[in-house]
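Remarks on the structure that follows.
The values are calculated or read from the model by the stated rules, or taken from the named source; none is laboratory data. Bear in mind that the values here come from a model prediction, so they are computed numbers and not experimental data. So basically every Cβ, Gly included, is an ideal-geometry build from the backbone, and we count neighbours across all protein chains shown.
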Amino acid sequence: MKYYFIAGEPSGDLHASNCMKELLKLDPAAEFAFTGGDLMESLTKKKASIHIKNMAFMGFIDVLKNIGTIKKNFNTVKEDILKFKPDLLVLVDYPGFNLRMAKWAHEHRIKTDYYISPTVWAWKENRVEILKKYTNNLFVILPFEEAFYQKHNHKVYFVGHPLIDAIEQKTPLFISKEAFMKKNKLSDKPVIAVLPGSRVQEIERMLKIMLDVTTRFKDYQFVVAGSNNLDRKHYEPLLKYNIQVVFDQTYELMNYATAGIIKSGTSTLESALFNLPQVVCYKSGGLSFRIAKMLVDVKYISLPNLIMDKPMIKELVQDDLTSENIGYELDKLLNDKTYREEILKEYKLLKDHLGGSGASKRLAEGLYNDVSN
């Protein structure tokens, strides 16, 4: 069978590549075409029709600035799909682009499944009707999403969270902590992991604020997880802080760190799965934030808090994201033993909610069953 995957972000590249691996076990003759990143390219030995480096735009204003590029990407993908003639189109997250693609695919009678639900439970609930009308099946990764979509009479399957699989696969391959420290020229001080995101705008808005706390914690070393999707020049300001940046080692960094300063997004859940106490950071452009605040109806911005429906980890959003507030929370994470242990207990409960390992396998089985019928 022929499968066309559309992923537009690093997390989508990870989850789609793991699904492809499982599909090849069920369908050894499977053929793939896709938009995505290095992981998908490495697995398939093919080039993405568009690399995620040219697809990741953050916030309303950034999208408006890049509307020409987005339209060009959309047309490129449409042409590529028609040329490839897939048996199944698999849309992975990336809703602003993929919901439009679902409608187009429906008009061209291309069978389409959606993996990783758009956050319609947070805003734009009318998007549920788009999903119902234009997709065959919806495969969700958060436990509360299944009940939400069932309420709307859409075919939905909770497959569990793919990060559990990704982490279980990679953890046995980690080098030792000593080797990690030596490889990256780190001292023997405990590590604070800093994850500022994988978009230029995130680095520009948040990294300096995150790192202005370093002088308060001289007994620790701060290490930034760099993104290969960005030009290395964006990390040059770190030189004045004498801070190391590591690439392709984010999971090892999370595993060996004592605490983390983490940008809101998938990395907050990854940190929780690595039992890394964290403070969550988010800052967008002022206008984008005001628009989002009017439209979005959620109590929390981090995945652990959303899943557990309580403030188990501290979130610093927009004007609350200051170096002083980061420093205050980081001090608690490092020095308040009771506070730290309570977070670790909540992490254990969180893992129980996520459905265990095997998400990528369950997804692949669902996709294969759909395309075979």
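Of the residues that make up segment 256-266, is at least one in the same structural domain as residue 224 (by TED's automatic domain parsing), in a helix (DSSP H, G or I) and modelled with pLDDT of 95 or more?
Pass one, segment 256-266, residues in the same structural domain as residue 224 (by TED's automatic domain parsing): 256-266.
From what is left, the residues that are in a helix (DSSP H, G or I) are 256, 266.
Still in the list and also modelled with pLDDT of 95 or more: 256.
Yes, segment 256-266 contains at least one residue that is in the same structural domain as residue 224 (by TED's automatic domain parsing), in a helix (DSSP H, G or I) and modelled with pLDDT of 95 or more.
Given 76, 44, which one is surrounded by fewer than 16 Cβ atoms within 10 Å (Cβ to Cβ) and among the hydroxyl-bearing types (Ser, Thr, Tyr)? It would help to see each step written out before you state the result.
Working: 44 fails: surrounded by fewer than 16 Cβ atoms within 10 Å (Cβ to Cβ).
Answer to the selection: 76.
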**Prompt:** Of 201, 221, which residue is under 24 Å from the mean Cα position of the chain (by Cα), of a type outside the set (Ser, Thr, Tyr), surrounded by 17 or more Cβ atoms within 10 Å (Cβ to Cβ) and outside the structural domain of residue 364 (by TED's automatic domain parsing)?
**Reply:** 201
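Would you call residue 275 in the same structural domain as residue 336 (by TED's automatic domain parsing), under 24 Å from residue 314 (Cα atoms), in a loop (DSSP other than H, G, I, E, B) and out of contact with any Ser or Thr (no Cβ under 6 Å at 6 or more places or on another chain)?
Details: in the same structural domain as residue 336 (by TED's automatic domain parsing): yes; under 24 Å from residue 314 (Cα atoms): yes; in a loop (DSSP other than H, G, I, E, B): yes; out of contact with any Ser or Thr (no Cβ under 6 Å at 6 or more places or on another chain): yes.
It is true that residue 275 is in the same structural domain as residue 336 (by TED's automatic domain parsing), under 24 Å from residue 314 (Cα atoms), in a loop (DSSP other than H, G, I, E, B) and out of contact with any Ser or Thr (no Cβ under 6 Å at 6 or more places or on another chain).
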**Asked** Does at least one position in segment 139-156 carry a residue that is in contact with a His (Cβ under 6 Å, 6 or more places away or on another chain), modelled with pLDDT under 90, in the same structural domain as residue 21 (by TED's automatic domain parsing) and surrounded by 13 or more Cβ atoms within 10 Å (Cβ to Cβ)?
**Response** yes
**Number of positions in segment 301-318 that are surrounded by 18 or more Cβ atoms within 10 Å (Cβ to Cβ), modelled with pLDDT of 90 or more and not in a helix (DSSP H, G or I)** = 6
**Item:** segment 203-220, residues that are touching a Lys or Arg at 6+ places or on another chain (Cβ under 6 Å) and under 11 Å from residue 283 (Cα atoms)
**Value:** 205, 206
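Could you tell me whether segment 50-57 includes any residue that is modelled with pLDDT of 95 or more and either of a type in the set (Ser, Thr, Tyr) or outside the structural domain of residue 248 (by TED's automatic domain parsing) (or both)? Break it down stepwise before answering.
Step one: filter segment 50-57 for residues modelled with pLDDT of 95 or more, giving 50-51.
Filter once more, keeping what is either of a type in the set (Ser, Thr, Tyr) or outside the structural domain of residue 248 (by TED's automatic domain parsing) (or both): 50-51.
Yes, that holds for at least one residue.
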**Request:** Check off (1) within 25 Å of the chain's Cα centre (by Cα); (2) surrounded by fewer than 20 Cβ atoms within 10 Å (Cβ to Cβ) for residue 94 and give me the number that stays unchecked.
**Result:** (2)
**Prompt:** Which ones in segment 236-253 are without any contact (Cβ under 8 Å) to a residue 12 or more places away in the chain and outside any helix (DSSP H, G or I)?
**Reply:** 242
**Fill in**
Within segment 94-117, the count of residues that are charged (D, E, K, R) and in contact with a strand residue (DSSP E or B) (Cβ under 7 Å, 6 or more places away or on another chain) comes to 2
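Being farther than 23 Å from residue 158 by Cβ and modelled with pLDDT of 95 or more narrows it down to one residue among 295, 287, 333, 269; which is it? Walk me through it before giving the result.
On the way: 295 fails: modelled with pLDDT of 95 or more; 287 fails: modelled with pLDDT of 95 or more; 269 fails: farther than 23 Å from residue 158 by Cβ.
None of the others qualify; the one that does is 333.
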**Message:** For segment 302-351, which positions are under 22 Å from residue 270 (Cβ atoms), hydroxyl-bearing (Ser, Thr, Tyr) and touching a residue at least 24 places away in the same chain (Cβ under 8 Å)?
**Reply:** 302, 347
**Complete:** Across (1) outside any helix (DSSP H, G or I); (2) at negative phi, residue 64 clears everything bar (1)
